[in-house]
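These notes concern the structure reproduced below.
The values are calculated or read from the model by the stated rules, or taken from the named source; none is laboratory data. None of these values were measured; they are calculated from a predicted model. Backbone-built Cβ (ideal geometry, glycine too); neighbour counts: all protein chains shown. In case anyone asks, the SASA skips ligands and DNA or RNA and just uses the protein heavy atoms, side chains included. Shrake-Rupley method; radii C 1.70, N 1.55, O 1.52, S 1.80 Å.
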Amino acid sequence: MPGLVFRDATVVDGTGAAGYRADVRVRDGRIAEIGSGLGGDRVVDAAGLVLAPGFIDMHAHSDLQILAEPDHLAKVSQGVTLEVLGQDGLSYAPVDDATLEALRGQLAGWNDDPPGFAWDWRGVGEYLDRLDRGIACNAAYLLPQGTIRMLAVGWSDRPATEAELDRMRTLVATGLAEGALGMSSGLTYTPGMYASTSELVALCEVVAAGGGYYSPHHRSYGAGALEAYAEMVEVSRRSGCPLHLAHATMNFPVNTGRAGELLALLDDALAAGADISLDTYPYLPGATYLSALLPSWATDGGPDRTLARLSDVDTRERIRVDLEERGSDGCHGVPVDWASIEINGVRLAANAHLVGHSVAESARRADRPPAELYFDVLVAERLGTSCLMHVGDEDNVRAIMRHPAHTGGSDGLLVGDRPHPRAWGTFPRYLGHYVRDLGVLGLEECVAHLTGRAARRLRLTDRGLVRAGYAADLVLFDPATVADTATFDNPRLPPAGIPYVLVNGVPLIDDGRHTGALAGHSIRNHPRKA
């Protein structure tokens, strides 16, 4: 019989069921057979290794890098075979020329702005078509609510008119019809944060009608976090839209040890019939662009007006008070601790000395107030600087990853001088550190979180499980040695203990060797018929 056979593997199938020993044959991009004594054109001795479904990254920021650097080693090497793009309410489709130009600057700290890159799409379907011209792993897309608000309303902090709301509804419906799997929000980022609860409900009604789900980065992960989560549950209840909470955690000292309160809120909603899931990354620091800390009023009107405010002495002082004394909404309602904000990516060589140091440390070295250094960097870099926020709590991270609605998401930024290591290490870190070393999750349960449960949220009927007839998105790993090796000092290191990764039946990691194959394609929504 032709095909590739993994012989005598321990199959952990993505359902949470106990692993079992079997041979698995792959042929024509599919799992052809699971049994014993199977033969093929090529046989891989998998004794002592675990064969699992490929991992699904439910929160990825590879929107540009999956195209600009198509080998995509960061994700492929850790066993990711599908990632969900268009996160946090900000991405590059649908756009017009002016909106795209603004986004290229605003999101440079997330995605870079590669010189010479061909921006040859404007609509969602065109973007998905661009992915289908050659990507390493599969990719799905969420409609970015902030981008859609830019198109319909602009950058203003005001309610949408009825005509503007109708346009946003149309953009959402069109994007779903063209293949988006749902909609995301970034409710601490401009201009998406200017949307009211009722506006979000109106858009989520369209998402629900189109068979999608809503994935919000809600209004606060710090002070007011529980109220922010409750608002998202209410949006889901009122709209009838399934809810997937992005990088769900409780951050900052104000929330130390409070994960149980969040989980109680979600369990109550689930018991009442809500459709809720969530994702997390297994690290304490977060990552974003440095200007995200600014209060929303300071970013009203878009990047040019933001830069003008940052260049005005009196306005700088008003912003400083909001940041350092009151706690801006961009900093989750918590007064900023400059010692916890580490610059990890800059656009200008003149600022390279800031990378790897907190704003507080760099300000001490320069004998300047931290806020003044912060403002000057934003102006010089035209808001394109990225940062780490050291605000997490280990007990919260462990408690949330145990929840049965949990899935895995890297939230990984692939660009910058020293990106967060989660971009290269999230999935092996779950399996090595939290499963093998700490026992926070059992192996079969963890694999289910990272595969089958994620596929169920995405409504995929032929991925996420090791099952005959399913797409051969597979990862073979050694449970004794699998580990993340990427660190904050050296964040671009591939993991250990993952010798094989297949996407649509094609080996991308083959006996530890990166093949460079471009075997992925877009995963598109198929709306329910009326």
Protection-proxy order for peptides 146-154, 319-327, 117-125, each taking the mean of Cβ atoms within 10 Å per residue, highest first: 146-154, 319-327, 117-125
Tell me, what is the 1.4 Å probe accessible area of His403, in Å² to the nearest 10? 10
Spit out the partnerless Cys residues in the chain, using Cβ distances under 4.7 Å as the pairing rule. Cys137, Cys331, Cys387, Cys446
Dipole in debye (nearest 20) - the chain, about Cα centre, beta carbon charges: Lys, Arg +1; Asp, Glu -1: 900
Give me the percent of the accessible area of segment 21-99 that comes from carbon and sulfur atoms, probe 1.4 Å, all protein chains in place. 42
Compute the relative contact order of the chain as a whole-number percentage, counting only Cα pairs closer than 8 Å that sit 6 or more residues apart in sequence. 22
Accessible-area composition of segment 130-243, carbon plus sulfur, in percent [1.4 Å probe]: 51
Sorted on mean Cβ neighbours within 10 Å (highest first), peptides 184-195, 247-258 come out as 184-195, 247-258
Can you give the accessible area per residue of segment 462-530, in Å², using a 1.4 Å probe? 44
The chain: calculated mean residue ellipticity at 222 nm from DSSP helix runs of at least 4, using -39500 (n - 2.57): -8500 deg cm²/dmol
Would you kindly derive the ³J(HN,Hα) couplings of segment 515-526 from the backbone phi angles with the Karplus curve 6.51 cos²θ - 1.76 cosθ + 1.60 (θ = phi - 60°), listing them in order in whole Hz, with x for Gly and Pro? 7, x, 5, 10, 9, x, 7, 6, 10, 10, 6, 10
Once you have the Cα-Cα distance between Leu265 and Ala230, take 0.36 nm times their residue separation minus that, and quote the gain in nm to one decimal. 11.9 nm
For segment 1-44, the per residue accessible area (1.4 Å probe, Å²) is 47
Per-residue HN-Hα couplings for segment 147-155, Karplus 6.51 cos²θ - 1.76 cosθ + 1.60 at θ = phi - 60°, whole Hz, x for Gly and Pro? 5, 5, 5, 4, 5, 8, 10, x, 9
Got the relative contact order for segment 226-321 handy, in percent, Cα pairs under 8 Å and 6 or more residues apart? 25
Give me the 1.4 Å probe accessible area per residue for segment 344-385, excluding ligands and nucleic acids, in Å². 45
